[in-house]
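Here is the structure we will look at.
The values are calculated or read from the model by the stated rules, or taken from the named source; none is laboratory data. Every value quoted in this text rests on a predicted model; they were computed, and no experiment measured them. Cβ placement follows ideal geometry from the backbone for every residue including glycine, while neighbour counts extend to all protein chains displayed.
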C-alpha cells in the first residue's frame, strides 16, 4: 500500500508533440470537454477504445481521456502503460490555464489533490486496495505509516495506535463513506474532499457496544441516547457482546463478583471525554480505580500504640482543630481532596505519627494559643479570598483555556463569540482579587493588631468599580448562553460533564461557579462589618474600616446603577426590533426606557377611535404604536412566502416637552379607565388632545402611568412640582365616552373587524372641548365653581420654588410609584393642584 509519491511527474515527454485521445462516446459527445481540449496545443482524436493509438504512443506525448476508470478498455490501456486522465482533469487545467499533469498513475480528478491519506482497521485487502486506488484516481497520496504530515485517517474501527495518534494530533478520522462519496462526485470540478467533511467522520462509538452500571436511571437513559446518536450500541451489563463497561465510580466502588467483564472497564469520564472530542478516547487513560482505603482506617492508631486517656483526648482535640483549620470549607475543592492530600495538609507531627515519643507539638507556645477575635475574622477574610481566587482561576484555566484550545481534536469546543460572552469579563475581576489576596497574605504573615485592613479595599476600589459592572450587567446573558450552549452543543455538554469529575471543580457546574462574582462583594461587606465589630474604636483601623464599608457600598451602588442603565439600553433595542417602521432616532445614548402601557384610543388624533395602541414611555419622549392583534410569525405556515410581521407599527413619537398637561379623567359609569395628554407643538402652536382608555390593564395602572409621565416630564423640564402637571377633568367635558368600547377589553370594532360608527368621531374639535383645553392648558388655575376653571391673575407668569429633591423624582423610581390622592388639593369634584398649598 506504500505510495511512491503524490504526483510522480515524468518530464521526458515535455518536448514531444501532444496528442489527446477522447475514448468512448461519453467523452466524444461531452461538449464541455471538447471545448476544453481546444485550450491545449495538441492534436485531438476520437476513438471507441483508444487501443489503436497505443503502438504510436511512445512517439508522442499521448493523453487518453476516459469517462470510466473501470472495465475492459480501462484495464487494457492501464496495462499498456498509457497516460490516463478523466474529463475533470482536462476541464480544470483548461480553466486554470495549467498543463495536464504527467502522473505515473491514472488520474481522474483533483478532488483529493494535496491530501495524504492513511488507512487503519481494514482486514479485507481487496476492499482496502480498492479504496487506495480511488484516492490515487482523485490525485491524493497514501501512506502506510501515520505521521504528522498525514492529513486524513480512514478508519474502519475505533482504537489502535493510528487512531489514537490521529486523535492526539488532531488528524480528521474519516469513514469509508468519505472516499466513496467524494468519488461519486468526481465529475463535479468544484468538489473538494477536505470541504464539508464533518458528515463523513467516523462516529464516536463506531463498532462499540457499551454497558452502563451504577448510574441513576435518568442519567443512564441520557447516556444511552447519546451512545446511539454517536454510532454505538447498547447492551446489558454482563452481555458477551459488550466491549466497554462504563462505571459510575463516584457511587459504585466495587463491581458484582459474578459480573462477566468485557475488555474495557472504564470510568464515566471516558464516555464524556469521547463525546467532547467526537472521537473514542483512549481507554487506558480512564481505567476504573480500585476502592481506596477508608479514611477512618488511616486515622486509626496502631494497635501497639499506648498512652494515657488524657493524651488521647488531647490528640483528638488537636486533630479536630487541624482538620478545621486546613479544611478550606468554602473552597469547591474541599469535597474532592481526600486522603491522598491529607498527609501534605496536616503537620508531620500530627496524630498520624504513631510513635510514643513526646515532641514539641505537644507543648504549645502560650502566645500562639490565644488568637484575638479580630485576627480570627481577618484570617477568615483571607481564607475566603483565597478560595474565591481559586474559583476564578478554575473558571479561567479549567474551563476557558481548555475550551479555546486550537490543537484539540475537532478544534475549539465553542465559537469565539460564545467564549467571549461567557468568560470575557472575568480576567479583570481575577486580577484585582489577586492583588487583594496578596495584600491580605502579607498582612496576616506580619500581623499587628492595628494593621489597617480597611485600606486593602479602599486602595482597590477603583479597580473594583471598573471590573465588576461589565460582568454583573450581562450576567443573565452569560447564564442563558451557558444553558443554550449546553443544550445545543453536544461537545460542550460533554465537556461540562468531564469537568464535574475534576477535583478543582468540586462537583460544581460552570453555572454554579460563575455566579460567585455576583455574590462576592456582599460577602466582603459582611466580613468587614464583622471585623469592625471586633475592632476597638481607639484602633486606627476602625475609621478605615468604616471608610472601606462606605466605599464598598458606593461600588455596589455604582454597579447597580450601571446595571439599570444597561438594562434600559438593552430594552430599547428589543423595543425597536418589535416596532415596524420604528424611527432610527429612537436609539440614543441619552435616552432610557421607563415603562409601557396598553391602551385604546378615544379620539381621532392618531389612528381612530377604538384602535388598540401601546405607549412606550422613555426619559424624553413617548412612542405610540399600533398593536397588531394578529401577527404573522416566522413559524406560521402562511409565512413561508411572506416577511414575518412585527407586533407593533409606529404611529407617532411625542416629545415630552410638547406635553403641556396630563389629564386624569374622573371615573364614572360613562367614562372608566381614561386619561389624556394635551400637547402643543412649537411649530404648529396649536393644542391637540390625545385621549386613551386602559386595555387589559389593572385599574391602578392608570394612576401609576399618569404619575410616572408627570415625574418624567418634570425631570425633563427641570421642575420639581410634578403634581401641577396633572389635571382632573370630567369625561363629558371632553366629550369622551368609554361605555360603548367596553372597559378593559378590546373594542367590538377590533374584535369583529368593523369600524366604529361615525357618531363617535371627533374630526372637528367641539366648542366645549376647545374651551376645556384652553383652560386646562394653563399651568396655574384655580376653581371658582364646580364646573368652571379660570386662571388667577395673581399667579400668571410666576414660578414655584424648588421644594422636592430631584433624586426622588427619578423616572425609573416612578415606575413603581403609586398615585396618592392625599397629594391633591381638592378644588371641588374636578380640580388641579393649588400651588399655594404645595
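If you check 400, 405 for being surrounded by fewer than 17 Cβ atoms within 10 Å (Cβ to Cβ), free of Cβ contacts under 8 Å to residues at least 40 places away in the same chain and not assigned by TED's automatic domain parsing to the domain that holds residue 275, only one passes: 405. Within the stretch 160-173, the set of residues being part of a loop (DSSP other than H, G, I, E, B) and within 18 Å of residue 200 (Cα to Cα) comprises 170, 171, 172.
Sort out which residues of the stretch 686-718 are in a loop (DSSP other than H, G, I, E, B) and crowded, with 20+ Cβ neighbours inside 10 Å, and write them in order of number. The one that is in a loop (DSSP other than H, G, I, E, B) and crowded, with 20+ Cβ neighbours inside 10 Å: 695. A residue that is within 36 Å of the chain's Cα centre (by Cα), touching a residue at least 40 places away in the same chain (Cβ under 8 Å) and within 30 Å of residue 256 (Cβ to Cβ) occurs somewhere in the stretch 158-178. Among the residues of the stretch 53-79, those that are more than 25 Å from residue 185 (Cβ to Cβ), in contact with a helix residue (DSSP H, G or I) (Cβ under 8 Å, 6 or more places away or on another chain) and surrounded by fewer than 21 Cβ atoms within 10 Å (Cβ to Cβ) comprise 54, 76. Would you confirm, using the coordinates I've provided, whether residue 428 is within 27 Å of residue 510 (Cα to Cα), surrounded by 15 or more Cβ atoms within 10 Å (Cβ to Cβ) and at pLDDT 90 or above? Criteria met by residue 428.
So, residue 553, is that one surrounded by fewer than 18 Cβ atoms within 10 Å (Cβ to Cβ) and touching a helix residue (DSSP H, G or I) at 6+ places or on another chain (Cβ under 8 Å) or not? Answer is yes for this residue. Is it true that some residue in the stretch 47-58 is touching a strand residue (DSSP E or B) at 6+ places or on another chain (Cβ under 9 Å), outside the structural domain of residue 139 (by TED's automatic domain parsing) and touching a residue at least 40 places away in the same chain (Cβ under 8 Å)? The answer is no; no qualifying residue exists.
Identification of strands (runs of 3 or more DSSP E) wholly contained in the stretch 201-298 with 3 or more residues that are touching a helix residue (DSSP H, G or I) at 6+ places or on another chain (Cβ under 8 Å) and at pLDDT 90 or above yields 244-247. Within the stretch 429-466, the set of residues being without any contact (Cβ under 8 Å) to a residue 40 or more places away in the chain and under 34 Å from the mean Cα position of the chain (by Cα) comprises 431, 432, 435, 438, 459, 460, 462, 463, 466.
Conditions tested, residue by residue: (1) out of contact with any strand residue (DSSP E or B) (no Cβ under 9 Å at 6 or more places or on another chain); (2) assigned by TED's automatic domain parsing to the domain that holds residue 491; (3) within 23 Å of residue 277 (Cβ to Cβ).
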residue: 134; (1), (2), (3): yes, no, no
residue: 138; (1), (2), (3): no, no, no
residue: 152; (1), (2), (3): no, no, yes
residue: 172; (1), (2), (3): no, no, yes
residue: 188; (1), (2), (3): yes, no, no
residue: 193; (1), (2), (3): no, no, yes
residue: 218; (1), (2), (3): yes, no, no
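Here residue 464 qualifies as in a helix (DSSP H, G or I), buried (at least 19 other Cβ atoms within 10 Å of the Cβ) and touching a helix residue (DSSP H, G or I) at 6+ places or on another chain (Cβ under 9 Å).
Yes/no matrix, rows are residues, columns are (1) over 20 Å from residue 285 (Cβ atoms); (2) without any contact (Cβ under 8 Å) to a residue 40 or more places away in the chain:
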| residue | (1), (2) |
| --- | --- |
| 135 | yes, no |
| 139 | yes, no |
| 146 | no, yes |
| 152 | yes, no |
| 194 | yes, no |
| 198 | yes, yes |
| 202 | no, no |
| 222 | yes, yes |
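If the condition is being free of Cβ contacts under 8 Å to residues at least 40 places away in the same chain, surrounded by 13 or more Cβ atoms within 10 Å (Cβ to Cβ) and under 22 Å from residue 73 (Cα atoms), then the stretch 27-42 contributes 28, 34.
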